[in-house]
Amino acid sequence: MKYVSQQPSYSALQRASFLTLPQIGCGTGMWTREMLISVALGQVLSLLICGIGLTSKYLSEDFHANTPVFQSFLNYILLFLVYTTTLAVRQGEENLLAILRRRWWKYMILGLIDLEANYLVVKAYQYTTLTSIQLLDCFVIPVVILLSWFFLLIRYKAVHFLGIFVCILGMGCMAGADVLVGRHQGAGENKLVGDLLVLGGATLYGISNVWEEYIIRTLSRVEFLGMIGLFGAFFSGIQLAIMEHKELLKVPWDWQIGLLYVGFSACMFGLYSFMPVVIKKTSATSVNLSLLTADLYSLFCGLFLFHYKFSGLYLLSFFTILIGLMLYSSTSTYIAQDPRVYKQFRNPSGPVVDLPTTAQVEPSVTYTSLGQETEEEPHVHVA
(Lines give C-alpha, C1' and ligand atoms only; values in the text may rest on other atoms or scores of the structure.)
Protein backbone atom coordinates (compact mmCIF):
# COMPACT_ATOMS: atom_id res chain seq x y z
CA MET A 1 0.00 0.00 0.00
CA LYS A 2 1.03 3.57 -0.57
CA TYR A 3 0.34 5.96 2.23
CA VAL A 4 0.54 9.72 2.21
CA SER A 5 0.66 11.80 5.34
CA GLN A 6 0.96 15.51 5.84
CA GLN A 7 4.37 16.36 7.26
CA PRO A 8 6.01 19.75 7.75
CA SER A 9 8.39 20.78 4.98
CA TYR A 10 11.94 21.36 6.10
CA SER A 11 14.25 24.18 5.23
CA ALA A 12 17.15 23.71 2.86
CA LEU A 13 19.57 23.48 5.80
CA GLN A 14 17.48 20.77 7.46
CA ARG A 15 17.11 18.80 4.23
CA ALA A 16 20.87 18.94 3.72
CA SER A 17 21.48 17.69 7.25
CA PHE A 18 18.98 14.87 6.73
CA LEU A 19 20.69 13.71 3.55
CA THR A 20 24.04 13.58 5.31
CA LEU A 21 22.75 11.35 8.11
CA PRO A 22 24.20 7.83 8.03
CA GLN A 23 22.02 5.36 6.13
CA ILE A 24 20.81 2.80 8.60
CA GLY A 25 20.50 -0.77 7.32
CA CYS A 26 18.80 -3.73 8.92
CA GLY A 27 21.24 -3.99 11.79
CA THR A 28 24.81 -3.64 12.87
CA GLY A 29 25.88 -6.90 11.29
CA MET A 30 24.98 -8.98 8.29
CA TRP A 31 23.49 -11.84 10.33
CA THR A 32 20.26 -10.19 11.45
CA ARG A 33 16.81 -11.62 12.04
CA GLU A 34 15.17 -9.54 9.31
CA MET A 35 17.80 -10.49 6.76
CA LEU A 36 17.50 -14.21 7.55
CA ILE A 37 13.69 -14.00 7.35
CA SER A 38 13.95 -12.35 3.93
CA VAL A 39 16.25 -15.10 2.64
CA ALA A 40 13.98 -17.79 4.12
CA LEU A 41 10.86 -16.32 2.50
CA GLY A 42 12.59 -16.40 -0.86
CA GLN A 43 13.45 -20.06 -0.36
CA VAL A 44 9.77 -20.86 0.26
CA LEU A 45 9.06 -19.46 -3.21
CA SER A 46 11.89 -21.58 -4.63
CA LEU A 47 10.39 -24.71 -3.06
CA LEU A 48 7.02 -23.91 -4.64
CA ILE A 49 8.71 -23.56 -8.03
CA CYS A 50 10.43 -26.88 -7.37
CA GLY A 51 7.00 -28.45 -6.88
CA ILE A 52 5.80 -26.86 -10.11
CA GLY A 53 8.81 -28.23 -11.99
CA LEU A 54 8.49 -31.75 -10.60
CA THR A 55 4.78 -32.08 -11.39
CA SER A 56 5.35 -30.67 -14.88
CA LYS A 57 8.19 -33.15 -15.47
CA TYR A 58 6.01 -36.11 -14.45
CA LEU A 59 3.16 -34.88 -16.68
CA SER A 60 5.32 -34.34 -19.76
CA GLU A 61 7.77 -37.27 -19.52
CA ASP A 62 5.81 -40.03 -17.81
CA PHE A 63 2.31 -39.31 -19.14
CA HIS A 64 3.15 -37.31 -22.30
CA ALA A 65 0.80 -34.53 -21.26
CA ASN A 66 2.34 -31.42 -22.86
CA THR A 67 -0.23 -28.84 -21.79
CA PRO A 68 1.54 -25.71 -20.46
CA VAL A 69 -1.33 -23.37 -21.43
CA PHE A 70 -3.93 -25.61 -19.77
CA GLN A 71 -1.82 -25.73 -16.61
CA SER A 72 -1.62 -21.92 -16.56
CA PHE A 73 -5.36 -21.77 -17.22
CA LEU A 74 -6.05 -23.85 -14.10
CA ASN A 75 -3.99 -21.44 -11.99
CA TYR A 76 -5.73 -18.35 -13.40
CA ILE A 77 -9.12 -19.93 -12.74
CA LEU A 78 -8.16 -20.47 -9.09
CA LEU A 79 -7.01 -16.84 -8.82
CA PHE A 80 -10.28 -15.75 -10.41
CA LEU A 81 -12.41 -17.79 -8.00
CA VAL A 82 -10.59 -16.55 -4.90
CA TYR A 83 -9.42 -12.99 -5.61
CA THR A 84 -11.59 -11.70 -8.46
CA THR A 85 -14.74 -12.72 -6.63
CA THR A 86 -13.36 -10.96 -3.53
CA LEU A 87 -13.08 -7.76 -5.56
CA ALA A 88 -16.59 -8.29 -6.95
CA VAL A 89 -18.19 -8.21 -3.49
CA ARG A 90 -16.26 -5.19 -2.24
CA GLN A 91 -17.83 -1.77 -2.06
CA GLY A 92 -16.69 1.65 -3.25
CA GLU A 93 -13.49 2.31 -5.19
CA GLU A 94 -12.10 -1.16 -4.43
CA ASN A 95 -14.99 -2.84 -6.23
CA LEU A 96 -14.21 -4.87 -9.36
CA LEU A 97 -16.28 -2.67 -11.68
CA ALA A 98 -14.73 0.53 -10.30
CA ILE A 99 -11.23 -0.88 -10.87
CA LEU A 100 -12.10 -1.96 -14.41
CA ARG A 101 -13.47 1.48 -15.26
CA ARG A 102 -10.21 3.15 -14.23
CA ARG A 103 -7.48 0.63 -15.13
CA TRP A 104 -8.87 -2.19 -17.27
CA TRP A 105 -6.45 -1.72 -20.19
CA LYS A 106 -3.40 -1.71 -17.90
CA TYR A 107 -4.37 -5.02 -16.33
CA MET A 108 -5.22 -6.44 -19.75
CA ILE A 109 -1.65 -5.76 -20.90
CA LEU A 110 -0.22 -7.14 -17.64
CA GLY A 111 -2.31 -10.31 -17.95
CA LEU A 112 -0.99 -10.90 -21.47
CA ILE A 113 2.61 -10.30 -20.36
CA ASP A 114 2.30 -12.72 -17.45
CA LEU A 115 0.71 -15.44 -19.58
CA GLU A 116 3.21 -15.23 -22.43
CA ALA A 117 6.20 -15.11 -20.05
CA ASN A 118 5.20 -18.53 -18.71
CA TYR A 119 4.50 -19.87 -22.19
CA LEU A 120 7.77 -18.76 -23.82
CA VAL A 121 10.04 -20.31 -21.17
CA VAL A 122 8.15 -23.62 -21.19
CA LYS A 123 8.19 -23.67 -25.01
CA ALA A 124 11.96 -23.12 -25.03
CA TYR A 125 12.54 -26.60 -23.55
CA GLN A 126 11.57 -28.06 -26.95
CA TYR A 127 14.43 -26.30 -28.74
CA THR A 128 17.39 -25.66 -26.45
CA THR A 129 19.28 -27.32 -23.59
CA LEU A 130 18.58 -27.22 -19.88
CA THR A 131 21.91 -25.49 -19.23
CA SER A 132 21.13 -22.70 -21.69
CA ILE A 133 17.73 -22.13 -20.11
CA GLN A 134 19.22 -21.97 -16.61
CA LEU A 135 21.85 -19.43 -17.64
CA LEU A 136 19.75 -17.27 -19.98
CA ASP A 137 16.85 -17.16 -17.53
CA CYS A 138 19.15 -15.08 -15.30
CA PHE A 139 18.57 -12.26 -17.82
CA VAL A 140 15.48 -11.44 -15.72
CA ILE A 141 17.77 -9.98 -13.04
CA PRO A 142 19.28 -7.08 -15.07
CA VAL A 143 15.81 -6.42 -16.53
CA VAL A 144 14.33 -6.08 -13.03
CA ILE A 145 17.23 -3.91 -11.84
CA LEU A 146 16.95 -1.49 -14.77
CA LEU A 147 13.16 -1.22 -14.58
CA SER A 148 13.29 -0.79 -10.79
CA TRP A 149 15.89 1.97 -11.16
CA PHE A 150 13.97 3.98 -13.77
CA PHE A 151 10.33 3.32 -12.83
CA LEU A 152 10.36 2.47 -9.11
CA LEU A 153 13.29 4.83 -8.42
CA ILE A 154 15.12 2.21 -6.36
CA ARG A 155 18.74 3.05 -5.68
CA TYR A 156 21.34 0.33 -5.05
CA LYS A 157 24.68 0.26 -3.27
CA ALA A 158 27.92 -1.52 -4.15
CA VAL A 159 27.10 -4.42 -1.79
CA HIS A 160 23.88 -5.09 -3.73
CA PHE A 161 25.75 -5.44 -7.01
CA LEU A 162 28.33 -7.63 -5.27
CA GLY A 163 25.55 -9.91 -4.00
CA ILE A 164 23.99 -10.09 -7.48
CA PHE A 165 27.37 -10.99 -8.99
CA VAL A 166 27.91 -13.76 -6.43
CA CYS A 167 24.41 -15.19 -7.12
CA ILE A 168 25.02 -15.30 -10.86
CA LEU A 169 28.44 -16.86 -10.20
CA GLY A 170 26.62 -19.61 -8.30
CA MET A 171 24.33 -20.18 -11.29
CA GLY A 172 27.38 -20.47 -13.54
CA CYS A 173 28.80 -23.06 -11.16
CA MET A 174 25.57 -25.06 -11.40
CA ALA A 175 25.64 -24.92 -15.20
CA GLY A 176 29.22 -26.20 -15.11
CA ALA A 177 28.16 -29.07 -12.88
CA ASP A 178 25.39 -29.95 -15.36
CA VAL A 179 27.97 -30.21 -18.12
CA LEU A 180 30.25 -32.42 -16.01
CA VAL A 181 27.50 -34.91 -15.10
CA GLY A 182 25.91 -34.88 -18.57
CA ARG A 183 22.66 -33.05 -17.75
CA HIS A 184 23.38 -30.37 -20.35
CA GLN A 185 21.90 -32.50 -23.09
CA GLY A 186 18.49 -31.46 -24.38
CA ALA A 187 16.50 -31.25 -27.58
CA GLY A 188 19.20 -28.97 -28.94
CA GLU A 189 17.56 -28.50 -32.36
CA ASN A 190 17.00 -24.89 -33.39
CA LYS A 191 18.96 -23.89 -30.32
CA LEU A 192 18.99 -20.22 -31.33
CA VAL A 193 15.19 -20.21 -31.39
CA GLY A 194 15.09 -21.73 -27.92
CA ASP A 195 17.60 -19.25 -26.55
CA LEU A 196 15.60 -16.33 -27.97
CA LEU A 197 12.44 -17.73 -26.41
CA VAL A 198 14.16 -17.85 -23.01
CA LEU A 199 15.39 -14.26 -23.34
CA GLY A 200 11.94 -13.12 -24.38
CA GLY A 201 10.31 -14.94 -21.48
CA ALA A 202 12.87 -13.56 -19.01
CA THR A 203 12.24 -10.01 -20.25
CA LEU A 204 8.48 -10.42 -19.84
CA TYR A 205 9.00 -11.92 -16.37
CA GLY A 206 11.05 -8.87 -15.40
CA ILE A 207 8.36 -6.47 -16.63
CA SER A 208 5.65 -8.44 -14.84
CA ASN A 209 7.59 -8.57 -11.55
CA VAL A 210 8.35 -4.84 -11.46
CA TRP A 211 4.78 -3.98 -12.40
CA GLU A 212 3.60 -6.33 -9.65
CA GLU A 213 5.83 -4.59 -7.10
CA TYR A 214 4.44 -1.20 -8.10
CA ILE A 215 0.83 -2.38 -7.80
CA ILE A 216 1.15 -4.06 -4.42
CA ARG A 217 2.94 -1.00 -2.98
CA THR A 218 0.58 1.63 -4.39
CA LEU A 219 -2.70 -0.32 -4.53
CA SER A 220 -3.17 -3.78 -3.03
CA ARG A 221 -2.17 -7.42 -3.33
CA VAL A 222 -5.79 -8.56 -3.71
CA GLU A 223 -6.39 -6.15 -6.60
CA PHE A 224 -3.29 -7.39 -8.42
CA LEU A 225 -4.17 -11.07 -8.00
CA GLY A 226 -7.84 -10.51 -8.79
CA MET A 227 -7.15 -8.69 -12.04
CA ILE A 228 -4.42 -11.16 -13.05
CA GLY A 229 -6.92 -13.96 -12.44
CA LEU A 230 -9.58 -12.22 -14.54
CA PHE A 231 -7.49 -11.36 -17.61
CA GLY A 232 -5.17 -14.36 -17.27
CA ALA A 233 -8.11 -16.77 -17.33
CA PHE A 234 -9.64 -14.94 -20.30
CA PHE A 235 -6.54 -14.90 -22.48
CA SER A 236 -5.26 -18.35 -21.48
CA GLY A 237 -8.72 -19.75 -22.28
CA ILE A 238 -8.52 -18.26 -25.78
CA GLN A 239 -4.95 -19.50 -26.28
CA LEU A 240 -5.93 -22.94 -24.99
CA ALA A 241 -8.83 -23.20 -27.45
CA ILE A 242 -6.64 -22.14 -30.39
CA MET A 243 -3.30 -23.84 -29.71
CA GLU A 244 -3.69 -26.69 -27.26
CA HIS A 245 -7.14 -28.25 -27.52
CA LYS A 246 -5.80 -31.22 -29.54
CA GLU A 247 -3.04 -31.91 -27.00
CA LEU A 248 -5.62 -31.84 -24.22
CA LEU A 249 -7.69 -34.50 -25.97
CA LYS A 250 -4.61 -36.78 -26.15
CA VAL A 251 -4.07 -36.77 -22.38
CA PRO A 252 -4.67 -40.31 -20.96
CA TRP A 253 -6.81 -39.19 -18.05
CA ASP A 254 -6.69 -41.20 -14.82
CA TRP A 255 -6.45 -40.46 -11.10
CA GLN A 256 -2.64 -40.11 -11.21
CA ILE A 257 -2.73 -37.46 -13.92
CA GLY A 258 -5.56 -35.70 -12.11
CA LEU A 259 -3.52 -35.69 -8.91
CA LEU A 260 -0.50 -34.23 -10.73
CA TYR A 261 -2.64 -31.44 -12.19
CA VAL A 262 -4.02 -30.72 -8.73
CA GLY A 263 -0.49 -30.64 -7.27
CA PHE A 264 0.73 -28.35 -10.02
CA SER A 265 -2.22 -25.98 -9.58
CA ALA A 266 -1.78 -25.89 -5.79
CA CYS A 267 1.92 -25.01 -6.08
CA MET A 268 1.29 -22.40 -8.77
CA PHE A 269 -1.58 -20.83 -6.82
CA GLY A 270 0.59 -20.75 -3.69
CA LEU A 271 3.42 -19.12 -5.66
CA TYR A 272 1.18 -16.39 -7.09
CA SER A 273 -0.51 -15.76 -3.73
CA PHE A 274 2.67 -15.67 -1.64
CA MET A 275 5.01 -13.87 -4.04
CA PRO A 276 3.37 -10.42 -3.55
CA VAL A 277 3.85 -10.82 0.21
CA VAL A 278 7.57 -11.51 -0.23
CA ILE A 279 8.01 -8.76 -2.84
CA LYS A 280 6.42 -6.22 -0.51
CA LYS A 281 8.71 -7.23 2.34
CA THR A 282 11.83 -7.33 0.16
CA SER A 283 11.77 -6.35 -3.53
CA ALA A 284 11.32 -7.83 -7.00
CA THR A 285 15.11 -7.99 -7.40
CA SER A 286 15.58 -9.88 -4.13
CA VAL A 287 12.82 -12.34 -5.05
CA ASN A 288 14.36 -13.13 -8.44
CA LEU A 289 17.73 -13.72 -6.81
CA SER A 290 16.10 -16.10 -4.34
CA LEU A 291 14.46 -18.03 -7.17
CA LEU A 292 17.89 -18.97 -8.53
CA THR A 293 17.96 -21.80 -5.99
CA ALA A 294 14.77 -23.38 -7.39
CA ASP A 295 16.71 -25.40 -9.99
CA LEU A 296 18.96 -26.74 -7.25
CA TYR A 297 15.99 -27.89 -5.15
CA SER A 298 14.62 -29.64 -8.23
CA LEU A 299 18.01 -31.26 -8.75
CA PHE A 300 18.24 -32.49 -5.16
CA CYS A 301 14.77 -34.03 -5.50
CA GLY A 302 15.81 -35.52 -8.85
CA LEU A 303 18.72 -37.33 -7.17
CA PHE A 304 16.15 -39.56 -5.44
CA LEU A 305 13.23 -39.48 -7.88
CA PHE A 306 14.99 -39.57 -11.26
CA HIS A 307 18.45 -40.86 -10.24
CA TYR A 308 20.35 -37.81 -11.42
CA LYS A 309 24.12 -37.89 -11.15
CA PHE A 310 25.54 -35.84 -8.28
CA SER A 311 28.44 -33.42 -8.28
CA GLY A 312 29.95 -31.53 -5.37
CA LEU A 313 29.69 -28.40 -7.52
CA TYR A 314 25.94 -28.44 -6.92
CA LEU A 315 26.44 -27.91 -3.19
CA LEU A 316 29.03 -25.24 -3.91
CA SER A 317 26.56 -23.54 -6.25
CA PHE A 318 23.78 -23.66 -3.64
CA PHE A 319 25.85 -22.10 -0.89
CA THR A 320 27.33 -19.53 -3.28
CA ILE A 321 23.84 -18.34 -4.21
CA LEU A 322 22.83 -18.19 -0.53
CA ILE A 323 25.92 -16.11 0.26
CA GLY A 324 25.01 -13.75 -2.56
CA LEU A 325 21.46 -13.46 -1.22
CA MET A 326 22.74 -12.62 2.25
CA LEU A 327 25.11 -10.02 0.83
CA TYR A 328 22.27 -8.42 -1.13
CA SER A 329 19.92 -8.48 1.88
CA SER A 330 22.53 -7.24 4.37
CA THR A 331 21.77 -3.58 3.69
CA SER A 332 18.79 -1.56 2.55
CA THR A 333 18.18 0.00 -0.82
CA TYR A 334 16.58 3.45 -1.09
CA ILE A 335 13.67 5.01 -2.90
CA ALA A 336 14.38 8.37 -4.54
CA GLN A 337 10.89 9.86 -4.20
CA ASP A 338 12.20 13.39 -4.55
CA PRO A 339 15.71 14.80 -5.05
CA ARG A 340 15.35 16.50 -1.65
CA VAL A 341 13.75 13.70 0.35
CA TYR A 342 14.84 10.07 0.60
CA LYS A 343 13.02 7.29 2.39
CA GLN A 344 14.52 4.00 3.48
CA PHE A 345 13.16 1.12 1.45
CA ARG A 346 12.39 -2.26 3.02
CA ASN A 347 15.00 -4.67 1.72
CA PRO A 348 14.70 -5.97 4.37
CA SER A 349 13.12 -3.55 6.82
CA GLY A 350 15.20 -1.35 9.05
CA PRO A 351 14.53 1.54 11.38
CA VAL A 352 13.42 4.76 9.74
CA VAL A 353 15.61 7.81 10.23
CA ASP A 354 13.80 10.49 12.20
CA LEU A 355 13.81 13.90 10.62
CA PRO A 356 15.11 16.85 12.67
CA THR A 357 12.43 19.00 14.30
CA THR A 358 14.34 21.83 15.95
CA ALA A 359 14.48 24.44 13.22
CA GLN A 360 11.63 26.52 11.89
CA VAL A 361 9.52 24.74 9.30
CA GLU A 362 7.94 25.86 6.06
CA PRO A 363 4.38 25.12 4.81
CA SER A 364 3.29 21.51 4.47
CA VAL A 365 4.62 19.10 1.87
CA THR A 366 3.48 15.56 1.02
CA TYR A 367 5.87 12.86 2.22
CA THR A 368 5.38 9.41 0.73
CA SER A 369 6.24 6.28 2.69
CA LEU A 370 6.71 2.88 1.08
CA GLY A 371 7.79 1.21 4.28
CA GLN A 372 5.80 -0.31 7.13
CA GLU A 373 2.15 0.72 7.15
CA THR A 374 0.68 2.56 10.10
CA GLU A 375 -2.98 2.92 10.97
CA GLU A 376 -2.74 6.67 11.42
CA GLU A 377 -1.95 7.31 7.74
CA PRO A 378 -4.88 7.46 5.32
CA HIS A 379 -5.06 5.24 2.24
CA VAL A 380 -4.47 6.81 -1.12
CA HIS A 381 -5.44 4.91 -4.25
CA VAL A 382 -3.62 5.69 -7.46
CA ALA A 383 -5.80 5.74 -10.56
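List of remarks:
- Every residue from the range 83-113 that is open to solvent by 10 Å² or more (accessible area, probe 1.4 Å) and under 25 Å from LEU248 (Cα atoms): LEU112, ILE113
- Within the range 329-344, none of the residues are closer than 30 Å to THR129 by Cβ, modelled with pLDDT of 80 or more and in a helix (DSSP H, G or I).
- Scope the range 64-82; condition open to solvent by 40 Å² or more (accessible area, probe 1.4 Å) and closer than 29 Å to TYR308 by Cβ; matching residues: HIS64, ASN66, LEU74
- Applying the criterion of at least 1 residues that are open to solvent by less than 30 Å² (accessible area, probe 1.4 Å) to the helices (runs of 4 or more DSSP H) found wholly in the range 184-278 leaves 191-218, 221-239.
- Set PHE269, PHE274: member being touching a residue at least 40 places away in the same chain (Cβ under 8 Å) and under 13 Å from the mean Cα position of the chain (by Cα): PHE274
- Summed over the range 165-183, residues that are within 14 Å of LEU322 (Cα to Cα) and open to solvent by less than 10 Å² (accessible area, probe 1.4 Å) total 4.
- Taking (1) out of contact with any strand residue (DSSP E or B) (no Cβ under 9 Å at 6 or more places or on another chain); (2) assigned to a helix (DSSP H, G or I) in turn, HIS307 satisfies each apart from (2).
- Test: ALA117 is over 26 Å from LEU196 (Cα atoms), part of a helix (DSSP H, G or I), open to solvent by less than 30 Å² (accessible area, probe 1.4 Å) and out of contact with any strand residue (DSSP E or B) (no Cβ under 6 Å at 6 or more places or on another chain): no
- Subset of the range 295-330 that is within 26 Å of LEU152 (Cα to Cα) and small (Gly, Ala, Ser) - its residue that is surrounded by the most Cβ atoms within 10 Å (Cβ to Cβ): SER329
- Search result, residues across the range 144-154 that are open to solvent by 20 Å² or more (accessible area, probe 1.4 Å) and either in a helix (DSSP H, G or I) or modelled with pLDDT of 90 or more (or both): ILE145, LEU146, LEU147, TRP149, PHE150, PHE151
- Scanning the range 247-260 for any residue that is under 26 Å from ALA294 (Cβ atoms) and within 17 Å of the chain's Cα centre (by Cα) turns up nothing.
The values are calculated or read from the model by the stated rules, or taken from the named source; none is laboratory data. As the structure is a prediction and not an experimental result, all values here were calculated from the model. In this analysis, Cβ positions are derived from the backbone assuming ideal geometry, glycine residues included, and neighbour counts consider all displayed protein chains. Heads up: the accessible areas ignore ligands, DNA and RNA and are worked out on the full protein's heavy atoms, side chains in. Shrake-Rupley method; radii C 1.70, N 1.55, O 1.52, S 1.80 Å.
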